Amino acid sequence: MTELVIEGLRASAGGTEILRGIDLTVRSGEVHAVMGPNGAGKSTLSHVLMGRPGYEVTGGSVTLDGRDLLGLPTWERVRAGLFLVMQYPTEVPGVSLVDTLSAAFAASGRDAAGMRARMAEEASRIGFDDRFLERPLNVDLSGGEKKRNETMQLGVLDPAFAILDELDSGLDIDALRACARRVEAATETGTGVLCITHYTRVLAELKADRVHILVRGEVRDSGGPELADRLEEEGYAAWTRPEDEAA
Ligand code: ADP
Ligand code: MG
Ligand code: MG
């Protein structure tokens, strides 16, 4: 059993406090959906968990099986087991996808033999064209292809924890179903998931064990999957306060 524990996490960017005390625990194989209005701090949470520069952690802790992650550079967090599906995957001209994953495998001390075949297998599983494997990372890919690419990498790397920042954005219905199913299959072999999303669509295939509502940098409510359905019906009115507008 692996456990990602976020306690009292506070973080700022550009001198503004964005995360205002987040508590979340995700265990192996669990799916935790994080839902919240635009600007709530969802992407910031993913960036702070991965150690992206430009964010200042001002309080709290993040540990993986008791090991502090916040003091580690991003690559060591990845080596410890974190993986991020980015909301807007970055284009990296001159660096191929095959080389990127080979380097990731080497860095984690795993044997890269057979990796090209694994990539092709994962690509076909979610309808990602394997001509892209030799091409520069994400360059000229459509939004949907970028998300499939991220999902393909998740399948190959098989991380302990995956953070999905709006996997559903840019994907059409069939692609979303295929990608969400792939992530659900990863949970069955132990991957824990923090699924940031606006919509319940993704949760039709990727079954949330817990749903958290993030507003203005705070988890204002947590519950079972029914909370996502209620949110879809009612919107965020029950979880927002007049002072949120001013923020
Ligand atoms: P979400 O993903 O929930 O839509 P974000 O985490 O992207 O929200 O942003 C939360 C708030 O923090 C927004 O008001 C955004 O403008 C602000 N913010 C995010 N990153 C930075 C940054 N690097 N510098 C200043 N403000 C930022
Ligand atoms: Mg499950
Ligand atoms: Mg975002």
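The values are calculated or read from the model by the stated rules, or taken from the named source; none is laboratory data. These numbers come from a predicted model, not from an experiment. Reconstructed Cβ throughout: ideal geometry from the backbone, glycine too, with neighbour counts over all protein chains shown.
Considering every residue within the stretch 149-171, establish whether at least one is more than 22 Å from Leu82 (Cα to Cα) and at pLDDT below 95.
Looking for residues that are more than 22 Å from Leu82 (Cα to Cα) and at pLDDT below 95, one finds at least one in the stretch 149-171, hence yes.
Have a look at Leu64, Leu19 and point out the one that is aliphatic (A, V, I, L, M) and in contact with a Lys or Arg (Cβ under 6 Å, 6 or more places away or on another chain).
Within the list Leu64, Leu19, the selection yields Leu19.
Hey, among the residues in the stretch 222-240 that are in a loop (DSSP other than H, G, I, E, B) and touching a strand residue (DSSP E or B) at 6+ places or on another chain (Cβ under 8 Å), which one's surrounded by the fewest Cβ atoms within 10 Å (Cβ to Cβ)?
Applying the filter and picking the extreme gives Gly224.
Pick from Val57, Val85, Val92: which is more than 28 Å from Ala237 (Cα to Cα), in contact (Cβ under 8 Å) with a residue 60 or more places away in the chain and β-branched (Val, Ile, Thr)?
Just a single option satisfies the conditions, and that option is Val85.
Among the candidates Asp130, Asp99, which residue alone is in contact with a helix residue (DSSP H, G or I) (Cβ under 8 Å, 6 or more places away or on another chain), more than 22 Å from Ser222 (Cβ to Cβ) and either modelled with pLDDT of 95 or more or not hydroxyl-bearing (Ser, Thr, Tyr) (or both)?
Answer to the selection: Asp130.
Only one of Arg67, Arg77 is surrounded by 18 or more Cβ atoms within 10 Å (Cβ to Cβ), within 28 Å of Glu218 (Cα to Cα) and among the basic types (Lys, Arg); which?
Just a single option satisfies the conditions, and that option is Arg77.
Working only within the stretch 186-205, note down all residues that are under 17 Å from Leu24 (Cβ atoms), part of a loop (DSSP other than H, G, I, E, B) and within 13 Å of ligand 2 (Cβ to nearest atom).
Scanning the stretch 186-205 gives a single hit, Thr191.
Here's a check for you: in the stretch 151-180, which residue that is more than 12 Å from the chain's Cα centre (by Cα) and within 16 Å of ligand 3 (Cβ to nearest atom) is surrounded by the most Cβ atoms within 10 Å (Cβ to Cβ)?
So the residue we want is Leu171.
Go through the stretch 112-164 and count every residue that is on the phi < 0 side of the Ramachandran plot, out of contact with any strand residue (DSSP E or B) (no Cβ under 9 Å at 6 or more places or on another chain) and in a loop (DSSP other than H, G, I, E, B).
Final tally of qualifying residues: 7.
Name the single residue, out of those in the stretch 51-64 being of a type outside the set (Ser, Thr, Tyr) and crowded, with 17+ Cβ neighbours inside 10 Å, that is farthest from ligand 1 (Cβ to nearest atom).
Top of the filtered list is Leu64.
Of all residues in the stretch 78-104, which are in contact with a strand residue (DSSP E or B) (Cβ under 7 Å, 6 or more places away or on another chain) and assigned to a helix (DSSP H, G or I)?
Listed by number, the residues that qualify are Ala80, Leu97, Thr100.
Test of understanding: among Gly59, Gly51, Gly14, which residue is of a type outside the set (Lys, Arg) and under 22 Å from Ile213 (Cα atoms)?
From the options Gly59, Gly51, Gly14, the qualifying one is Gly59.
Yes/no per residue for (1) away from ligand 3 (no atom under 15 Å from the Cβ); (2) outside any loop (DSSP other than H, G, I, E, B); (3) without any contact (Cβ under 8 Å) to a residue 12 or more places away in the chain:
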| position | (1), (2), (3) |
| --- | --- |
| Arg10 | yes, yes, no |
| Val26 | yes, yes, no |
| Ala40 | no, no, no |
| Ser46 | no, yes, no |
| Leu49 | no, yes, no |
| Thr63 | yes, yes, no |
| Glu76 | yes, yes, yes |
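Conditions tested, residue by residue: (1) within 16 Å of ligand 2 (Cβ to nearest atom); (2) surrounded by fewer than 16 Cβ atoms within 10 Å (Cβ to Cβ).
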{"site": "Arg27", "(1), (2)": "yes, yes"}
{"site": "Met35", "(1), (2)": "no, no"}
{"site": "Asn38", "(1), (2)": "no, yes"}
{"site": "Met86", "(1), (2)": "no, no"}
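Working only within the stretch 181-221, note down all residues that are away from ligand 1 (no atom under 16 Å from the Cβ), crowded, with 16+ Cβ neighbours inside 10 Å and among the polar types (S, T, N, Q).
Of everything in the stretch 181-221, those that are away from ligand 1 (no atom under 16 Å from the Cβ), crowded, with 16+ Cβ neighbours inside 10 Å and among the polar types (S, T, N, Q) turn out to be Thr187, Thr191, Thr200.
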